1. (1) open to solvent by less than 30 Å² (accessible area, probe 1.4 Å); (2) within 16 Å of the chain's Cα centre (by Cα); (3) of a type in the set (A, V, I, L, M, F, W, C); (4) more than 26 Å from Val195 (Cβ to Cβ): which one isn't true of Leu63, the others all being true?
2. Exactly one condition in (1) assigned to a loop (DSSP other than H, G, I, E, B); (2) in contact with a Ser or Thr (Cβ under 7 Å, 6 or more places away or on another chain) is not met by Thr72; state its number.
3. Which of the following residues is of a type in the set (Asp, Glu) and under 30 Å from Ile158 (Cβ atoms): Glu204, Glu194?
4. Do we have any residue at all in segment 120-132 that's open to solvent by 70 Å² or more (accessible area, probe 1.4 Å), of a type in the set (S, T, N, Q) and closer than 22 Å to Gln81 by Cβ?
5. On the given criteria, is Pro163 over 26 Å from Met30 (Cα atoms) and either of a type outside the set (Ser, Thr, Tyr) or surrounded by 14 or more Cβ atoms within 10 Å (Cβ to Cβ) (or both)?
6. For segment 92-114, state whether one or more residues are on the phi > 0 side of the Ramachandran plot, without any contact (Cβ under 8 Å) to a residue 24 or more places away in the chain and open to solvent by less than 60 Å² (accessible area, probe 1.4 Å).
7. Only one of Ile147, Ile181, Ile232 is over 19 Å from Thr58 (Cβ atoms), touching a helix residue (DSSP H, G or I) at 6+ places or on another chain (Cβ under 6 Å) and in contact (Cβ under 8 Å) with a residue 24 or more places away in the chain; which?
8. Identify all residues within segment 52-110 that are small (Gly, Ala, Ser) and more than 24 Å from Gly120 (Cβ to Cβ); write none if there are none.
Amino acid sequence: MYAAFYQLREKPFSILPDPDLIYWGKMHTMAFTMLEFGVMNNAGFTVITGEIGSGKTTLVRHLLKKISPQITIGLISNSPQGRQELLQWILMSLNQPFDGEYPLLFKRLQDYLYGQFANGRRTILIIDEAQNLEPEALEHLRMISNINADKFQILQLILVGQPQLRDLLLAPQLHQFAQRISSDFHLRPLDDREVASYIAFRLEAVGSPRPLFTREACALIASASGGIPRMINVLCDTALVYGFADDLKLISD
């Protein structure tokens with residue numbers, strides 16, 4: 001609606017995860033470095049946390065674009081509970097049959113992982129929204145991670161979730177799980193200066209020939225959004241809609 005008015009190729013502030021529009025500020029650069037570190041160093045568990053809308057899923061999508069074709073990825077974006085349901089979702093994410101009782105499911109997963117390893121392939125399981133997993137499911141993930149081939153870790157796990165995941169992993173019953181975490185990073189909100197840079201980056205990425213937000217407007221958006229990228233996108237998108245309606249070439253306070 002407003003893209004042509006502001007001479008943009010497309011809307012710059014969509015709330016959908018877009019790995020092509022990641023703002024590589026300090027936080028997101030460090031978070032992605034930790035993800036890459038976990039993958040390259042064959043870490044047993046990698047944990048990335050952050051507030052809703054902080055860009056965690058976008059980083060995962062970027063990782064999926066860059067990852068080696070020699071690595072098999074299973075992605076789970078919901079929160080299975082109980083050991084059998086968890087195994088079923090893991091097998092489903094790896095495009096394997098997921099019917100049957102627990103012993104059969106476990107044997108099927110074990111055989112699959114050994115087969116991948118024998119063929120020179122690695123397997124990584126990514127669980128998004130992992131803060132909703134119950135302690136029993138997390139403990140079972142630890143048990144599944146014991147499937148290995150001598151000194152080789154043939155299944156890596158990446159858990160992505162909201163800050164509650166960090167609190168959950170501090171529970172006494174998950175002490176052994178916490179000891180398996182090799183790479184851990186909490187994605188903090190952008191500060192005021194980064195918010196202004198983020199807005200400028202998103203506009204430049206879609207071809208804006210000039211700044212569309214004043215410094216004062218960026219400061220207001222930073223305050224109202226708390227530095228959360230998704231909220232910045234919502235506020236900027238709404239501001240441009242109203243700016244278009246009022247024939248404003250520049251969004252001010």
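1. The number of the failed condition is (4).
2. For Thr72, the exception is condition (1).
3. Details: Glu204 fails: under 30 Å from Ile158 (Cβ atoms).
Answer to the selection: Glu194.
4. Let us first name the residues in segment 120-132 that are open to solvent by 70 Å² or more (accessible area, probe 1.4 Å), namely 122, 132.
When the remaining residues are screened for being of a type in the set (S, T, N, Q), the result is 132.
If we keep only those that are closer than 22 Å to Gln81 by Cβ too, we end up with 132.
Yes; the residues of segment 120-132 include at least one that is open to solvent by 70 Å² or more (accessible area, probe 1.4 Å), of a type in the set (S, T, N, Q) and closer than 22 Å to Gln81 by Cβ.
5. Details: over 26 Å from Met30 (Cα atoms): no; either of a type outside the set (Ser, Thr, Tyr) or surrounded by 14 or more Cβ atoms within 10 Å (Cβ to Cβ) (or both): yes.
Criteria not met by Pro163.
6. Start the filter on segment 92-114 by keeping residues that are on the phi > 0 side of the Ramachandran plot, which leaves 95, 100.
Narrowing the set further to residues that are without any contact (Cβ under 8 Å) to a residue 24 or more places away in the chain leaves 95, 100.
Now drop any that are not open to solvent by less than 60 Å² (accessible area, probe 1.4 Å), which leaves 100.
The answer is yes; a qualifying residue exists.
7. Numbers: Ile181 fails: touching a helix residue (DSSP H, G or I) at 6+ places or on another chain (Cβ under 6 Å); Ile232 fails: over 19 Å from Thr58 (Cβ atoms).
Answer to the check: Ile147.
8. Just the residues of segment 52-110 that are small (Gly, Ala, Ser), to begin with: 53-55, 68, 74, 77, 79, 82, 93, 100.
Scanning segment 52-110 gives Gly53, Ser54, Gly55, Ser77, Ser79, Gly82, Gly100.
The values are calculated or read from the model by the stated rules, or taken from the named source; none is laboratory data. None of these values were measured; they are calculated from a predicted model. All Cβ positions, even for glycine, are placed from backbone atoms using ideal geometry, and neighbour counts span all protein chains on display. Areas reflect the complete protein model, heavy atoms only, side chains present, ligands, DNA and RNA absent. Shrake-Rupley method; radii C 1.70, N 1.55, O 1.52, S 1.80 Å.
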